Amino acid sequence: MSSPYKKNFRIAALKQRVEIDLKHGEKTCKVLERAIYEIYNCNASGLSFEELYRSVYNMVLQKYGEKLYNGLVATLIWNVKEMLRSFKVAQNDLFLVELNRKWDNHNKSLQIIRDIFMYMDRTFIPNARKTSVHDVGLILWNDIVLHSYKIHKRLVTILLDLIQKERTGQVINRNLMRNMTKMLIDLGSSVYQEDFEKPFLEASASFYSCESQQLIECCHCGEYLKKVEKRLHEEIERVSHYLDEKTEPKIMYVVGNEMIASSMQRLVHMESSGLLNMIMGDRYDDMSRMYGLFRLVPEGISTISDVLNAHLQQIGKQIVTDPEKLRDPVNFVQCLLNVKDKHDKIISSVFNNDKTLRNALNSSFEYFINLNNRSAEFISLYVDDKLRKGLIGASEEDMEITLDQVMMQFRFLQENDVFEKYYRQHFAKRLLSGKSKTVSDDAERSLIVKFKTECGYQFTSKLEAMITDMKTSEDTMQGFYASQVSSDATNNLSVQVLTAGCWPIQPIAPCKLPFEILGMCDSFRNYYLGTRTGRRLTWQTNFGTADLKANFEKNQKHELNVSTYQMCILMLFNASDQLTCKEIEQATEIPTSDLKRCLQSLACVRGKNVLNKNPMSKDIAEEDAFMVNDKFSSKFFKVRIGTVAARKESESEKQETRQRVEEDRKPQIESSIVRIMKSTRVLDHNNVVAEVTKQLQSRFLPNPVVIKKRIESLIDREFLERDPADRKLYRYLA
């Protein structure tokens, strides 16, 4: 049964104080001195520890603590010196065995002595601010034994010699080594560091410096790195067995500094086995080993980064300046993607996705992709090829990978507005030819969403409007046919009505359409303008397509899919057996360059030559005669001829596109200048240029000369003015 009251106990002092005279105190000290001597000589079995403890207790109580402490220190000094005098002269391991035996005896003796003098250790010593019994014993061992001329130098020399032997493959007594290093650690971290660690690191540096010089002359890079890695593992194992754990980073630094840092440049540039050879030969293990070792030393990763950067810029420059690759835009972009994919894999799987190396890859890719001013056009053509035919049968995952690759290249372009121009042109051709539907509308829309996320609504607003026009046109055609009382069953018309400001189409004079479809075109015009007000229709015959039914000899019937221009040409041969190029041009009013290209596709392409040409050649002249190829045959019922396909721009088209881009940039630069000046009110020329560049760099890098011209234009139109006192200072006019 527990009591409800809590009782507190305390130890009371002895009621009767024990008096000790001076002579008795001297006698007690002699007894304790003799006891310590016996303890050190391993004869403590006959001692009464209880009596010894009580003697110390009484001495402290009688205020003889100082005398007791000094006597203890003097006795310990004498015994430690006796141990040193009795130290046997031994060689190598035997020397360590003897030292270890003496140290073990000293430690055990200190433990017993500390127990006997425990009361003094806990009361007198803290109050008198003196060193504890155990610490006194360690200090005496360090000062008298360890730093004696007999022991210190010899101990360090033997320890270092044994480590040297182990490094050369010999077997040593690791337990003994562990005891010796533990002795140094127990004596204090400064003792271990100054007496052993410092000379150990110096000897290690000398050893690995010599080994590095030997290995670098006889080993290739991969073999050298394996040996360094092996040495590092050996040092880590050595630390775990008999060195202080704090030594590990220090010895790792020494090995790295002597074997890696001093030879980094030679290793990465080593002929037939350096870093470039590893990359080109896909030697992932060697690259991983190099990365793991180089990251241990300062400037190691930056050294790999410099080599990688130079290598990427070199191979990238070869691709973007290779005339053969420039002839095929799709292959050009695919080669760039192959380079990026290969090095992406190396950085992610070998270099642990290191941020410095990732930045080196990205900066190199950005550098060489912008060396070619046609990169934007080629990337757009690559997208066009993939969305026309390259993604047919591809899974949704593969489609996303391809689109992500496109976005990756797009981000590296410095002229996003140039890419936008080309992309809109190719996108328009895909929509009008119906090619985007043959792959996936989802792919087109997904890419537009990605562009919108990357660049904002302004970049994709016209692209989305183009898709809207196509959907609206389908609804319009349904309404048109529903409004027709009687329809011509032999001819079907499909019209896409395009918003002029959204589509990258330059207005041209329409060609003369065959009378067979003019009636339907007029009917659609009347319907469309009758149902909408304030609209105007202009036929863009250069973008249309047509399906014609053709009959040839031997009852060969085919359906020809051709462009509107080609349709106009072929329909002429219903009334004529033979026509010259000049006569066709007069009858159709097709532009000369387009006409010649259409005639080449109709007469000069093997397997699709529905017309014969006289004389037969690829070049088209005004007097060349054309007639129907009655012997035309194909294993396919439907034959596609001269459909609109992705192609590179001609020089004139390229200059025209570039001109339009430059014109479109002018209002963007002016808008940016006005925004900046409106917020700052007053700003100098250099800061205006810097701020404009910063604002517009996501779309293009504006030329400082062009910025200056736009500033002059804004001054002429009184948006800005120059400061009368400083011509380089601009002021905003509200």
- Query: Which helices (runs of 4 or more DSSP H) does the range 558-609 wholly contain that include 3 or more residues that are polar (S, T, N, Q)?
  - Reply: 592-603
- Message: Tell me yes or no: at least one residue of the range 65-78 is open to solvent by 50 Å² or more (accessible area, probe 1.4 Å), of a type outside the set (S, T, N, Q) and within 60 Å of the chain's Cα centre (by Cα).
- Response: no
- What residue, of A482, A500, is in a helix (DSSP H, G or I) and open to solvent by 80 Å² or more (accessible area, probe 1.4 Å)? A482
- Query: Hey, any hits in the range 12-22 for a residue that's modelled with pLDDT under 90, open to solvent by 30 Å² or more (accessible area, probe 1.4 Å) and not in a loop (DSSP other than H, G, I, E, B)?
  - Reply: yes
- Query: Here are some conditions: (1) loosely packed, with under 14 Cβ neighbours inside 10 Å; (2) farther than 29 Å from D417 by Cα; (3) of a type in the set (D, E, K, R). R327 meets all but one. Which one does it not meet?
  - Reply: (2)
- Query: Counting only residues that are exposed (fewer than 15 other Cβ atoms within 10 Å of the Cβ) and part of a helix (DSSP H, G or I), how many does the range 448-463 have?
  - Reply: 6
- Among all residue pairs at least 6 apart or on different chains, which show Cβ distances below 6 Å where the first residue, located in the range 604-621, is open to solvent by less than 50 Å² (accessible area, probe 1.4 Å) and the second is among the basic types (K, R)? C604/K618; I620/K596
- Note on the structure: Filtering the range 256-294 for residues that are in a loop (DSSP other than H, G, I, E, B) and open to solvent by less than 30 Å² (accessible area, probe 1.4 Å) leaves a count of 3
- Task: Determine which member of the set G390, G434, G456 is within 23 Å of F700 (Cα to Cα) and modelled with pLDDT under 85.
- Result: G456
- Task: Given the conditions (1) in contact with a Cys (Cβ under 7 Å, 6 or more places away or on another chain); (2) assigned by the TED database to the domain that holds E622, report the number of the one that E553 does not fulfil.
- Result: (1)
- Test for S86: is it exposed (fewer than 15 other Cβ atoms within 10 Å of the Cβ), among the hydroxyl-bearing types (S, T, Y) and at pLDDT 70 or above: yes
- Query: Going by the conditions given, is S204 among the polar types (S, T, N, Q) and under 25 Å from the mean Cα position of the chain (by Cα)?
  - Reply: no
- Item | Lone qualifier among R710, R681, R717, R699 - being in contact (Cβ under 8 Å) with a residue 24 or more places away in the chain and surrounded by fewer than 12 Cβ atoms within 10 Å (Cβ to Cβ) | R681
- Scope the range 336-358; condition part of a helix (DSSP H, G or I), closer than 15 Å to I301 by Cα, touching a residue at least 40 places away in the same chain (Cβ under 8 Å) and open to solvent by 70 Å² or more (accessible area, probe 1.4 Å); matching residues: none
- Can you tell which of K250, K226, K230 is without any contact (Cβ under 8 Å) to a residue 40 or more places away in the chain, of a type in the set (K, R) and in a helix (DSSP H, G or I)? K230
- Query: Just checking, how many residues over the range 211-220 are open to solvent by less than 70 Å² (accessible area, probe 1.4 Å) and either in a helix (DSSP H, G or I) or acidic (D, E) (or both)?
  - Reply: 4
- Task: Go through (1) under 20 Å from E26 (Cβ atoms); (2) under 60 Å from the mean Cα position of the chain (by Cα); (3) of a type outside the set (A, V, I, L, M) and name the single condition K102 misses.
- Result: (1)
- Query: Taking the condition farther than 12 Å from L76 by Cβ and open to solvent by 40 Å² or more (accessible area, probe 1.4 Å), does K102 pass?
  - Reply: no
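The values are calculated or read from the model by the stated rules, or taken from the named source; none is laboratory data. If you're wondering where the values come from, they're calculated on a predicted model, not measured in any experiment. Please note: Cβ atoms are built from the backbone with ideal geometry, for glycine as well, and neighbour counts cover all protein chains shown. We work out accessible area using only protein heavy atoms, side chains counted, and drop any ligands, DNA or RNA first. Shrake-Rupley method; radii C 1.70, N 1.55, O 1.52, S 1.80 Å.
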